[in-house]
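Right, one structure below, let's go through it.
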């Protein structure tokens, strides 16, 4: 078993995340920290306080994808767990994830029950759902945890904040697509795995608490750009052509619903009060779409290379996306 944590300037959060993992780690579990050129003493703290942890010190910020890939490349475990530096694992987290995969041999991924650290009654996400333009959201996000997600079941993919992957699956399909840098990277990996015939199981007893938006901040325009850019890249790389041709229709429907939700103080856009801030969000999304267009030639080459991995037919893929879709109303009124 290997556990990978990627960090950038979050020494105090990283300390708590590591403590939560090492508190229950079984013999033979290796813990790997990949530090993206932190300037707050994070790497030095790991060296000083966590002698048994393997540390990779980058000289530049390589983002979530490349940094995790560095950890995966040196990991020895049969299973590879990811834990965000802004998440804290509750006792039994790792064991619950491993038990879930052992009970589901066709699954290459296991999803955790991720709760909101600031209000542990609320769910951050329990697996993921997707809208048909490529935008994804956490299943159950914002709901009060009253036991409605306490059954082990199939979900679309796990959130990269707290996930478990079979090493053999990653060897087969590859690790994170580094073009994504951060955000929707777990969606791309998860959907790529599903198209290759792997499944994902949700482990309700694998619980972590997550500080939401600690990476870039919930009001970061760069965060908005990456989320929008990467949903375009995900759709272009992995969606069936029959669905991809309709992408603009679903996108416009989502924008209209999001604007309406913002006017009544709901949804992601409500975090940007006033018309000037909303205009900035709109411009950020346009920049993101332009950036995605410039990357399309490279992404379409990767789409072509996906043919050798695909095990699901076009119809099976459409059924999978429809089964795990999020409604337009829920998507527009939910905050990430």
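The values are calculated or read from the model by the stated rules, or taken from the named source; none is laboratory data. Fair warning: this is a prediction, and the values are worked out from it, not measured in the lab. Here Cβ is always computed from backbone atoms with ideal geometry, including for glycine, and neighbour counts include all displayed protein chains.
Applying the selection to the stretch 43-87, what residues are buried (at least 23 other Cβ atoms within 10 Å of the Cβ) and farther than 24 Å from residue 226 by Cβ?
Across the stretch 43-87, the qualifying residue is only 46.
Test residue 280 against the criterion of being in contact with a helix residue (DSSP H, G or I) (Cβ under 8 Å, 6 or more places away or on another chain), surrounded by 12 or more Cβ atoms within 10 Å (Cβ to Cβ) and at pLDDT 95 or above, and give yes or no.
no
Residues of the stretch 172-201 being assigned to a loop (DSSP other than H, G, I, E, B), modelled with pLDDT of 95 or more and touching a helix residue (DSSP H, G or I) at 6+ places or on another chain (Cβ under 6 Å), which ones?
175, 176, 177, 196, 198
Can you tell me which residue is surrounded by the most Cβ atoms within 10 Å (Cβ to Cβ) among those in the stretch 1-11 that are in a loop (DSSP other than H, G, I, E, B) and over 19 Å from the mean Cα position of the chain (by Cα)?
Applying the filter and picking the extreme gives 1.
Which ones in the stretch 314-329 are out of contact with any helix residue (DSSP H, G or I) (no Cβ under 8 Å at 6 or more places or on another chain) and buried (at least 16 other Cβ atoms within 10 Å of the Cβ)?
324, 326
Only one residue in 318, 293 is part of a helix (DSSP H, G or I), at pLDDT 95 or above and more than 30 Å from residue 169 (Cβ to Cβ), so which one is that?
293
Does any residue in the stretch 160-175 that is closer than 18 Å to residue 102 by Cβ come within less than 6 Å, Cβ to Cβ, of a residue that is surrounded by fewer than 18 Cβ atoms within 10 Å (Cβ to Cβ) six or more places away or on a different chain, and which pairs are these?
167/78
Of everything in the stretch 221-263 that's in contact with a helix residue (DSSP H, G or I) (Cβ under 9 Å, 6 or more places away or on another chain) and part of a loop (DSSP other than H, G, I, E, B), which residue is surrounded by the most Cβ atoms within 10 Å (Cβ to Cβ)?
239
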